[in-house]
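Only one structure is covered here, and it is reproduced in the block below.
The values are calculated or read from the model by the stated rules, or taken from the named source; none is laboratory data. Just so it is clear, the model here is predicted, and its values are computed rather than measured. A quick note on method: Cβ atoms are made from the backbone with ideal geometry, for glycine too, and the neighbour counts reach across all protein chains shown.
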Amino acid sequence: MSAFEPTEATSCVQVVVRVRPMNDKEQKGNTLPVVTASTEKKEVTVIRGAGNRQQRTTYNFDDVLTSFSTQQEVFDTTIAPNILDVLEGFECTMFAYGQTGTGKTHTMEGDLSSENNRGVIPRAAHAIFERLKTEQYVESSVSASYLEIYNEELADLLVDDGKDVKLQICEDTRPRGKGIFVHNLSETIVTSAEDVLRLMQKAQERRRVGETKMNKQSSRSHCLFTLKVHSRKKVDDSGSIMECTGKLHLVDLAGSECAKTAGSENAQKERERKNINQSLLTLGRVISALREGHVQRIPYRDSKLTRLLQESLGGKCKTVIIATISPSVLAVDETLSTLNYAQAAHGIQNKPVATSYLKIGDAERKRPESASNAHSTGTS
Ligand code: ADP
Ligand code: MG
């Protein structure tokens, strides 16, 4: 079976890590990268500390993308194989998780004005419309919605007065009903990938205006872009038609550093941090529970994000998490925290490599391989 053929209706979570290149600040600081990544081995190694306090931790993931990986490679490795599933009526979700400034928005949206640098959302839209052009499809309709979750409040990014419309998560439990949906969220019909680009450009503009007006940072909100694809296609020469509706959710999560950076902060910042904390931790728990098959005890209702994505996270959905990290020593603690989160979703224990040392008196002993984990500092 090729990667583009729809697969069985099972729940599966693919975890991918992307390392971004050093930025100007990191380069000027003349710091050496502390992260090495190998696409071939699907492995990321982080070095923390120096000299005899150095600890090296190696993680394995489903895929690893390096600072040299192109936007096309990122798309091909993550959601591209699921585009056909969406056209077959499945729900697929991709999340970008990581510290602010590590490339979540670059990965999901990218530079909309440059074809080479476009991110996953415009590429997914392009792939869907290309596929729908093939002759087996006799009819199709695609709609887009774009939702922002800020402080557990919902806003529509596709309408000008989106902040003023009261959006509400509802559930339609009738057989063949709508399931979980957002009451009052607009769905805009799109007929080409260019339509999607235009919508996203307007949404970016609205977010910029909102940020200035409300003194908030985009890194504090989750953005959920959804393409709903309804299609009718010929299944054989007898004229039989198959009709289905699939959904693709592409989510740019709030910066994960907020999940723990407490300290002196005003009431607004504290509320933001608590809400982000709650939703990212709940997302992590939901994904771990799904991976371990604890279908009866999945805490979807503990945050708006997971409640909304309840149907797209469990059951017959495909989920991809891309964890974005910086290669710099300046971000090493955040990097380890992101990789640990991703690892928990991946469900595989990390494999620390035995180059961390315990210093006992003047003697230096090589640390036993099994004794260290990503949290330990390797100091005595
Ligand atoms: P986040 O959304 O995680 O806060 P951004 O996507 O805004 O981070 O990225 C921060 C900056 O780094 C942006 O200027 C972005 O263009 C750049 N950047 C991020 N990832 C990459 C990458 N893989 N290649 C080149 N530039 C990148
Ligand atoms: Mg961003």
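Annotations
- Qualifying positions in region 108-133 - β-branched (V, I, T) and within 16 Å of ligand 2 (Cβ to nearest atom): V120, I121
- The residues in region 89-110 that are among the polar types (S, T, N, Q), buried (at least 22 other Cβ atoms within 10 Å of the Cβ) and assigned to a helix (DSSP H, G or I) can be counted, and the count is 1.
- Spans of strands (runs of 3 or more DSSP E) in region 301-380 with at least 1 residues out of contact with any strand residue (DSSP E or B) (no Cβ under 9 Å at 6 or more places or on another chain), farther than 26 Å from D62 by Cβ and at pLDDT below 85: 357-360, 363-366
- Verdict on A254 being modelled with pLDDT of 80 or more, within 16 Å of ligand 1 (Cβ to nearest atom) and part of a loop (DSSP other than H, G, I, E, B): yes
- All strands (runs of 3 or more DSSP E) inside region 111-172 with 2 or more residues being exposed (fewer than 14 other Cβ atoms within 10 Å of the Cβ): 137-150, 168-172
- Some residue of region 125-144 being within 16 Å of ligand 1 (Cβ to nearest atom) and in contact (Cβ under 8 Å) with a residue 40 or more places away in the chain: no
- Every condition in (1) of a type in the set (G, A, S); (2) closer than 24 Å to K269 by Cα; (3) in a loop (DSSP other than H, G, I, E, B) holds for G177 except the one numbered (2).
- Residue count for region 91-100, restricted to those that are more than 8 Å from ligand 2 (Cβ to nearest atom) and over 19 Å from D76 (Cβ atoms): 4
- Verdict on V46 being within 16 Å of ligand 2 (Cβ to nearest atom) and touching a Leu at 6+ places or on another chain (Cβ under 8 Å): no
- Among residues of region 180-192, those that are assigned to a strand (DSSP E or B) and closer than 15 Å to S143 by Cα, counted: 5
- Evaluation of Q136 against (1) farther than 23 Å from R220 by Cα; (2) under 17 Å from the mean Cα position of the chain (by Cα) (one fails), failing number: (2)
- Selection from region 44-84 of residues that are of a type in the set (A, V, I, L, M, F, W, C) and not in a loop (DSSP other than H, G, I, E, B): V44, V46, I47, V64, L65, V74, F75, A80, I83, L84
- Filter pass, K247 being assigned to a helix (DSSP H, G or I), more than 16 Å from ligand 2 (Cβ to nearest atom), within 23 Å of the chain's Cα centre (by Cα) and within 24 Å of A125 (Cβ to Cβ): no
- Selection from region 63-82 of residues that are aliphatic (A, V, I, L, M), more than 19 Å from Y146 (Cα to Cα) and either within 10 Å of ligand 2 (Cβ to nearest atom) or crowded, with 20+ Cβ neighbours inside 10 Å (or both): V64, L65, V74
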